[in-house]
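Below you'll find the structure I mean.
The values are calculated or read from the model by the stated rules, or taken from the named source; none is laboratory data. Owing to the predicted nature of the structure, the values given are computational and were not obtained by experimental measurement. Neighbour counts run over all protein chains shown; Cβ positions are idealised from the backbone, glycine included.
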Amino acid sequence: MTTDEIADYFQVLEADMENNSNRAEKHIQYDVDMDFRPVTLVDNHRVCEDITILTFDRKVNVQAGEFIFLWLPGIGEKPFSALTDDPFSLVVIDVGEFTHALMDLPVGTEAYVRGPHGIPVDPGEGKKVMAVAGGTGLAAVYQIARDWGNAEVFTGARTAERLYFLEECQKIADVHVATDDGSAGFQGFVTQLLRDRLQGMSADELKDLVFYNCGPEPMVHAAIAVQREFCSDQQIFSAIDYMTKCGVGICGACAAPNGQRLCVDGPFLQAG
């Protein structure tokens, strides 16, 4: 549902309560797949102290831009962008109890996946994808660059040891790397690399760009600010970590400041 559709639903629901009717029923979507499917961990590759890549034993049908929930019975569940779909893999940063448990998850562990959730991206025919990522954001944009082609990936980290999946990215896109300390690529913020690249493009090239930003909120806002210097809001899409709990638009936990919910309206929302 869109924000307007939610408002309509509650208006009809209020009328139902007053009139003892049930017209709100037609506003409810029942075809969301909430089933969990088992996956088995086959590799836990530690990138650095607090980042790991988990690879599982099978394919998960997730399109570029969608996300899934990973559930470990007795521990909890959390939404993730899939780094790859075949085999299914994801990137984890140790930021809490659940992700801490994943750091040393032993090979052979059975977990469960539900989804996909969200809306697949569609840059449009003939468009050039410019993906900007930090932290686990690379997982959200890698499949976009891979599946749509004609892409450039801008990825940043504090140090070289925190970078991951670069060789795989370089096989499918032009990759620009920045680190805060200069231990890999450009020394500075990834948004500086982005501005330098955009400044060298013609007006015709700029109008064919579509941006996908994912990472820490300050980085995403900085990327949007740079992109707005050269392009329109209609070309800019971003995913910020407003944590969804349900994945189907009910709980409201992932609502952006404008009321859109990342789980059903995004996760990539248009700027503006």
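Taking Lys171 as the residue in question, decide whether it is in contact with a strand residue (DSSP E or B) (Cβ under 8 Å, 6 or more places away or on another chain) and either in contact (Cβ under 8 Å) with a residue 60 or more places away in the chain or more than 24 Å from Glu49 (Cβ to Cβ) (or both).
The answer is no for Lys171.
Looking at the stretch 191-241, which of its residues are among the aliphatic types (A, V, I, L, M), in contact (Cβ under 8 Å) with a residue 60 or more places away in the chain and either outside any helix (DSSP H, G or I) or not assigned by TED's automatic domain parsing to the domain that holds Ala178 (or both)?
Within the stretch 191-241, Leu209, Val210, Ala239 qualify.
A further question follows. Can you pull out every residue in the stretch 203-221 that is of a type in the set (Gly, Ala, Ser) and within 17 Å of the chain's Cα centre (by Cα)?
Within the stretch 203-221, Gly215 is the sole residue that qualifies.
Now for a separate question. Mind listing just one residue for me: the one in the stretch 130-166 that is farther than 14 Å from Gly185 by Cβ and over 14 Å from the mean Cα position of the chain (by Cα) and, of those, surrounded by the fewest Cβ atoms within 10 Å (Cβ to Cβ)?
Gly149
So is Leu206 surrounded by 13 or more Cβ atoms within 10 Å (Cβ to Cβ) and touching a Cys at 6+ places or on another chain (Cβ under 9 Å) or not?
Here the answer is yes, as Leu206 does meet what is asked.
Tell me the residue from Arg195, Arg158, Arg146 that is more than 27 Å from Ser232 (Cα to Cα) and of a type in the set (Lys, Arg), please.
Checking each option against the conditions leaves just Arg158.
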